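The values are calculated or read from the model by the stated rules, or taken from the named source; none is laboratory data. Just so it is clear, the model here is predicted, and its values are computed rather than measured. Don't worry about glycine lacking a Cβ; one is built from the backbone with ideal geometry, like all the others, and counts go over all protein chains shown.
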Amino acid sequence: MRLVTYRYGQDISLGARQGESIIDLAAVAPDMLTLIAMGAEGMARAKEIIGAPAVSYPVGEVALLAPIPTPVRNIMCLGLNYAEHAKESYAATGQQAELPEVPIVFNKATTTVIGPFDPIPFNPQVSTAIDWEVELAFIIGRTGTNIPTSEAMDYIFGFTVLNDVSARDLQRQGKQFFKGKSLDGSCPLGPWILTLDEAPDTSSLRITSRVNGVTKQDSNTAHMIFDLPSIITYLSKGMTLLPGDIIATGTPSGVGFARKPPEFLQPGDVVECEVEGIGVIRNEVVTANS
């Protein structure tokens, strides 16, 4: 299922995309987090409604929001999880490359999340070094602690596309990534959650980003240093993962700050992030109010 959160008129609801229609799933759950928490029962009821929908709308008549518009917790993100991105990042700062031996984890605030086609705010008084980062993200489907690698994939509810928009100047100023990664509107997410049962093999998917139609990143999830089961096992070690947790798996090489000369987003730029078989998000950079 391609599960969405959508707006029709003034109403926001849970739905599923089927072909060129959005099927309303409000009879199952009021929102995505509730559906995820319902587990197998919720999924079974959703499938029943999709099979014989009572309410549906043409795709062109609704606005897709982030699948989880307001996460319960900060988004958990991996840094330097592609070897080539790690190398370009170190080279850009004149350092010797060191590949991580354990996952590097940082957070993005819940207020970063915006929809798959919403504008990315640009405020030059805050940052003038706004960068793109396409990522495969997954959503945890059930509570788990100390999850063995052999069972880790069973804890995934589904997958989505994420742009880890980064303020590089703020990121460099601090001793950690949180502030530079957490500006409002710096986490476009969507366009839906593709459920685990219908997802392609996520261990080998093409992952790309484009700015104004020009390809900037072009890699494959096969090049991750830490694969999804390893990430889940590491994060859950002594720390409980909860239904609805969003985990971003890192970005490949081709980011703006590592280019020669560096490239950063400007108002009017359009960023597209795509993960093969999962979806595409598209966001324009728009000047924000001071």
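Checking each residue in the stretch 32-41 for being more than 14 Å from residue 13 (Cβ to Cβ) and under 23 Å from the mean Cα position of the chain (by Cα) picks out 36, 37, 38, 39. In the stretch 32-47, the count of residues that are under 19 Å from residue 114 (Cα atoms) and outside the structural domain of residue 243 (by TED's automatic domain parsing) is one or more. Quick one: residue 147 ticks every box in (1) buried (at least 16 other Cβ atoms within 10 Å of the Cβ); (2) farther than 19 Å from residue 207 by Cβ; (3) out of contact with any Phe, Trp or Tyr (no Cβ under 7 Å at 6 or more places or on another chain); (4) aliphatic (A, V, I, L, M) except a single one, so which number is it? Tallying (1) buried (at least 16 other Cβ atoms within 10 Å of the Cβ); (2) farther than 19 Å from residue 207 by Cβ; (3) out of contact with any Phe, Trp or Tyr (no Cβ under 7 Å at 6 or more places or on another chain); (4) aliphatic (A, V, I, L, M), residue 147 fails exactly one: (3). When the stretch 78-96 is filtered for residues that are touching a helix residue (DSSP H, G or I) at 6+ places or on another chain (Cβ under 7 Å), of a type outside the set (Ser, Thr, Tyr) and surrounded by 19 or more Cβ atoms within 10 Å (Cβ to Cβ), the ones remaining, listed by number, are 78, 80.
What number of residues within the stretch 51-72 satisfy the criterion of being within 25 Å of residue 245 (Cβ to Cβ), surrounded by fewer than 21 Cβ atoms within 10 Å (Cβ to Cβ) and of a type in the set (Val, Ile, Thr)? Qualifying residue count for the region: 2. Cβ-Cβ contacts under 7 Å between residues 6 or more apart (or on different chains), taken from a first residue in the stretch 222-244 that is on the phi > 0 side of the Ramachandran plot to a second residue that is hydroxyl-bearing (Ser, Thr, Tyr), are absent.
Look through 146, 123, 163, 107 and report the one residue that is under 20 Å from residue 223 (Cβ atoms), modelled with pLDDT of 95 or more and either outside the structural domain of residue 205 (by TED's automatic domain parsing) or of a type in the set (S, T, N, Q) (or both). On inspection, the qualifying residue turns out to be 163.
For every residue, the table says whether it meets (1) hydrophobic (A, V, I, L, M, F, W, C); (2) surrounded by fewer than 17 Cβ atoms within 10 Å (Cβ to Cβ); (3) touching a Lys or Arg at 6+ places or on another chain (Cβ under 6 Å).
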site	(1), (2), (3)
248	yes, no, no
251	no, no, no
269	no, no, no
273	yes, no, no
277	no, yes, no
283	no, no, no
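Of 73, 45, all but one fail to be over 27 Å from residue 226 (Cα atoms) and touching a residue at least 12 places away in the same chain (Cβ under 8 Å); the exception is 45.
Residue by residue, here is whether (1) within 20 Å of residue 66 (Cβ to Cβ); (2) surrounded by fewer than 17 Cβ atoms within 10 Å (Cβ to Cβ); (3) without any contact (Cβ under 8 Å) to a residue 60 or more places away in the chain holds:
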{"position": "140", "(1), (2), (3)": "yes, no, no"}
{"position": "168", "(1), (2), (3)": "no, no, no"}
{"position": "174", "(1), (2), (3)": "no, yes, yes"}
{"position": "190", "(1), (2), (3)": "yes, no, no"}
{"position": "207", "(1), (2), (3)": "yes, no, no"}
{"position": "214", "(1), (2), (3)": "no, yes, yes"}
